[in-house]
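The values are calculated or read from the model by the stated rules, or taken from the named source; none is laboratory data. Bear in mind the structure is a predicted one, so any value in this text is a computation, not a measurement. Cβ placement follows ideal geometry from the backbone for every residue including glycine, while neighbour counts extend to all protein chains displayed. When the accessible area is computed, the model is the full protein with side chains, heavy atoms only, and any ligands, DNA or RNA have been set aside. Shrake-Rupley method; radii C 1.70, N 1.55, O 1.52, S 1.80 Å.
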Amino acid sequence: MRTIVFATVLFAGLYNGISNAQPVQIVDQVMAVVGGNIILRSDIEKQYYQAVAQGEQRSNQLRCIIFDQLLLQKLMINQASLDSLIVTDAQVDDELDKRMRYYIRQIGSEQKLEEYFHTTIVQLKAELRDAIKEQIIVQQMQGKITKDITSTPNDVREYFNSIHPDSIPYIDAEMEVAQIVRKPPVSAEEKKAVRARMEDFRKAIMEGGDFSVYAALYSDDKTTAKKGGELDFFERGMMVPEFEAIAFNLKPGEVSQIVETKFGFHILQLIERRGEQINVRHILLQPQISDADLERSVQFLDSIRTKIVLGTMTFDEAAEKFSDDEETRYNGGLLLNPENGTTHLSPDKMDRLLFFQVDTMSIGTVSQPLLMQTQEGKAAYRLVIVKSKSKPHVANLKDDYQKIQEVALSEKQNKAMSDWIEKKSKSTYIQINDTMNNCAELKHWLKDTN
C-alpha cells in the first residue's frame, strides 16, 4: 500500500501564506485528463514556483509530487460531480473570509496584506475563489470516504508501540492562551470631524472635482489610493454589507452619499457594471483613536483584571461579557491554532509580540493590559492569561494521547483513501502526458492507464 498524502496538502500554500513572487511565463499544454477534468502544465508550474518561493528545493521530483496531488484532486472532483456533491457560494465565501482573517493576523493588518501582494483584498479573494471551492469539494469527498473510520484506544496503543524508539517524534513546546480585547471606541467629536471632512470632499467632487485625484491624495486606503481609489471587480458577499448596500445601487458615474462601515467613512463612485459584478472607486477616511481613548481602555481592562484576580469573576466569564473579539469571546477567550483548529499553540503559530509577552508568564496569571493591533490595523489593548504550557519532550501516551490518536486515525484514513483511489482509478478515464512517464511518484497512475 502506498502512503496517501491527502489532497488538501496541495493547498498548503493557502494556509501557510501565499507567494508574492512575480509570475513566470509558461507555454501551456494539457498534462493529464481525469474524467471530465484536465490538468495543465501551468497548474503544475504555478504550484511549483509557489512551493519554491516558500523554501522548497527546485527539483523535478517536486513537480512530480505536485502532479500526483493534482491527479488525486481531479479524481475526487470528478467523483464529486458524479455523486452530485454541491458546494454553495456561501460555503466558499465563509472559507475565503476565514483565510483573509488568518492572513491578516499573520501579516498584521489589511493594509499590510494588500501592500505585500500588490493587490486589494477583493482581488485576492477573486484569485483564490476557484482554488478554495475545489479544496472544499476535495475535503467533503475525503470526509465522505473516511466518515466511518474511527481510532479506538487499542488502535492508538498498537500504533504507538509499532513506532521504533528512535523514530518517536519530538513534541515542541506549546501553550494555551486566552484574551480579553478592548477596542477603544472613537469619540463622537472625532467621527463628526471626519464626516465633515468627507462632506467637503464629496461637495468638491460633485462640483466637478476628479474623484480619482481626491482618492489618490486623501484616501486612507493606501493600496487603492495608488489606483485612484479603484477596487477592481467584485460580486455580492465580498464586501461588508453596508458598503455593498450602496455600491450595488449606484448608476455608472454616480457618487454615493457618505457610508459608514467598521473601517471608517467612505464615498463611492460606480465605474462599471458587468453582469453580477461591479467596479467602484472609493475614498476612505478613518477616524483616529486618541491617547485619551486608549487610556480609557487601559482603565477599563484594569477594572476587569481586578475582578478576576479577586475571584468575583472568572476569566472565561469576563471574556464572554466584555471582550470585543468576536472570534474568541464565546470560547473563554482562547486563541485557536489556524492550522488544526485546536487551542494548542506552538511559538511559530503565535503573533510574535504576543509570544514575547506571554513566554515568561506563569500559568493562571492575568497580564496587565497589553498593547495590540487589530485586524483593521488599529491600536487596542487586551488582557491575556496562559491556561496551560508544555515543555519540549519525546512523545508519550500519557501527555500526548490526543496527538497520537490523531496520527493513528490518519493512518487508517490514509489506508481507506488508498483503497478508494486504487478502485476509482481503474474505473475512471485517466490519460497522462508521456512527458511525465519518468516520474517515479506516478507509477501507480501509469500502471493503471496502460
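Worth pointing out:
- Single residue of 91, 22 found to be at pLDDT 90 or above and open to solvent by 50 Å² or more (accessible area, probe 1.4 Å): 91
- Among the residues of region 342-355, the ones that are in contact (Cβ under 8 Å) with a residue 60 or more places away in the chain and under 17 Å from residue 380 (Cα atoms) come to 2 in all.
- Selection of region 379-397 for residues being under 18 Å from residue 176 (Cβ atoms) and not in a strand (DSSP E or B) yields 391, 392.
- Test: residue 96 is among the hydrophobic types (A, V, I, L, M, F, W, C), over 22 Å from residue 29 (Cα atoms) and in contact with a helix residue (DSSP H, G or I) (Cβ under 7 Å, 6 or more places away or on another chain): yes
A quick yes/no check of all residues on (1) over 30 Å from residue 165 (Cα atoms); (2) of a type in the set (Lys, Arg); (3) surrounded by fewer than 13 Cβ atoms within 10 Å (Cβ to Cβ):
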position	(1), (2), (3)
386	yes, no, no
402	no, no, yes
411	no, no, no
418	no, no, no
425	yes, no, no
433	yes, no, no
437	yes, no, yes
445	yes, no, no
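- Whenever a residue of region 141-157 is in contact (Cβ under 8 Å) with a residue 12 or more places away in the chain, its partners that are part of a loop (DSSP other than H, G, I, E, B), lying with C-beta atoms within less than 9 angstrom and at least six residues away or across chains, give the pairs 141/83; 141/85; 142/6; 144/83; 144/85.
- Within region 203-210, the presence of a residue that is within 33 Å of the chain's Cα centre (by Cα), open to solvent by less than 70 Å² (accessible area, probe 1.4 Å) and not hydroxyl-bearing (Ser, Thr, Tyr) is excluded.
- Exactly one residue among 374, 449 is modelled with pLDDT under 90, open to solvent by less than 60 Å² (accessible area, probe 1.4 Å), in contact with an Asp or Glu (Cβ under 9 Å, 6 or more places away or on another chain) and β-branched (Val, Ile, Thr), and that residue is 374.
- Selection within region 252-282 - of a type in the set (Phe, Trp, Tyr) and open to solvent by less than 10 Å² (accessible area, probe 1.4 Å): 265
- In region 325-343, the residues that are in contact with a helix residue (DSSP H, G or I) (Cβ under 9 Å, 6 or more places away or on another chain), of a type outside the set (S, T, N, Q) and assigned to a loop (DSSP other than H, G, I, E, B): 325, 327, 332, 333, 335, 338, 339
- Pairs, first of a type in the set (D, E, K, R) in region 356-369, second surrounded by 12 or more Cβ atoms within 10 Å (Cβ to Cβ), C-beta under 8 Å, six or more apart: 359/347
- Among the residues making up region 306-355, those that are open to solvent by 70 Å² or more (accessible area, probe 1.4 Å) and modelled with pLDDT under 90 are 326, 327, 336, 339, 340, 348, 351, 352, 353.
- Tally, over region 271-288, of residues that are part of a strand (DSSP E or B) and of a type in the set (Asp, Glu): 1
- When restricted to residues that are assigned to a loop (DSSP other than H, G, I, E, B) and among the acidic types (Asp, Glu), region 242-270 contains 1.
- Residue ranges of helices (runs of 4 or more DSSP H) in region 139-241 with at least 1 members of a type in the set (Ser, Thr, Tyr): 153-162, 211-218, 222-225
- Those residues of region 159-176 which are touching a Ser or Thr at 6+ places or on another chain (Cβ under 9 Å) and either open to solvent by less than 40 Å² (accessible area, probe 1.4 Å) or of a type in the set (D, E, K, R) (or both), in sequence order: 171, 172, 173, 174, 175, 176
- Selection count where residues are open to solvent by 20 Å² or more (accessible area, probe 1.4 Å) and either in a strand (DSSP E or B) or small (Gly, Ala, Ser) (or both), scope region 29-50: 7
- In region 57-65 there is no residue matching the filter, namely being among the basic types (Lys, Arg), under 20 Å from residue 442 (Cβ atoms) and open to solvent by less than 40 Å² (accessible area, probe 1.4 Å).
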